[in-house]
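The values are calculated or read from the model by the stated rules, or taken from the named source; none is laboratory data. All of these numbers come straight from a predicted model, not from anything done at the bench. We place every Cβ from the backbone using ideal geometry, glycine too, and count neighbours over all the protein chains shown.
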Amino acid sequence: MPKALLHTTIGHNDKIDLPEMKLDNIDAKIDTGADSSSIHCHHIEIIKRKGKRVLHFILLDPSHPDYNNRSFYFDQFKQRSIKNSFGDSEKRYIIKTTVVIFEVEYHTEFSLSYRGNLTYPILLGKKFLYRKFVVDVAKSNLSYRRKTRKKKKES
C-alpha cells in the first residue's frame with residue numbers, strides 16, 4: 001500500500017518572503033488555475049549593466065509603499081512562452097529566486113508580467129504548490145499567522 005503524502009495546508013492567499021530580493025510579507029494569491037508562478041511588475045527590459053546583459057524590472061505592489069516601484073536586476077534569466085489567463089501564449093522572462101513560506105525556503109521560478117490593477121503582486125501556481133501544499137480556499141494567511149505568533153512568543 002502506498003505511503004500517504006503529508007502536505008501543508010495553505011489558504012487562498014498568504015504573505016511570503018523573497019529574501020534574495022529583500023522583500024518580506026508580500027501578498028501572494030494561491031492560484032491553482034495557473035501552471036506557473038508570476039510576479040506583477042512593469043518596465044521589464046534587458047539593459048547593459050557593467051558590460052553585461054541584465055534583466056531589469058520594477059515591482060508593482062501598492063500595498064507596500066516601501067516596495068512599490070522598486071527596481072530589481074537579475075543577470076540569470078530566460079524567456080519562455082506562457083499561456084495567460086485568457087489562454088493566449090505570450091513570451092515572458094523567467095527568473096529563479098527563493099520563496100519563504102511556512103518557514104521553509106523553496107527555490108522556484110517566476111514569470112514576470114504586467115497584470116493590470118490586480119490585488120496580488122505574486123501568484124503562486126501549480127508547479128510551486130505540487131506535492132507541497134493542499135489548498136483550503138476557506139482559509140487565508142496561514143503561514144503569515146504562524147510567523148507572527150512565533151515572533152510574539154520570542155519577544
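Things worth noting here:
- Whichever residue in region 122-155 is in contact (Cβ under 8 Å) with a residue 60 or more places away in the chain and either among the hydroxyl-bearing types (S, T, Y) or in contact with a Cys (Cβ under 9 Å, 6 or more places away or on another chain) (or both) and, among such residues, is nearest to K29 (Cα to Cα): S140
- Answer residue from region 79-99, given it is surrounded by 12 or more Cβ atoms within 10 Å (Cβ to Cβ) and either basic (K, R) or in contact with a Pro (Cβ under 6 Å, 6 or more places away or on another chain) (or both) and is farthest from R146 (Cα to Cα) among those: R80
- Flag for L60 being over 17 Å from A34 (Cα atoms) and hydrophobic (A, V, I, L, M, F, W, C): yes
- Residue selected from region 116-154 under the condition out of contact with any Lys or Arg (no Cβ under 8 Å at 6 or more places or on another chain) and of a type in the set (S, T, N, Q), by the criterion farthest from E103 (Cα to Cα): N117
Residue-by-condition table, conditions (1) in contact with a Gly (Cβ under 9 Å, 6 or more places away or on another chain); (2) modelled with pLDDT of 95 or more:
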site: F77; (1), (2): no, yes
site: S85; (1), (2): yes, no
site: S89; (1), (2): no, no
site: I94; (1), (2): no, yes
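- Among the residues of region 81-91, the ones that are without any contact (Cβ under 8 Å) to a residue 40 or more places away in the chain and under 17 Å from the mean Cα position of the chain (by Cα) come to 1 in all.
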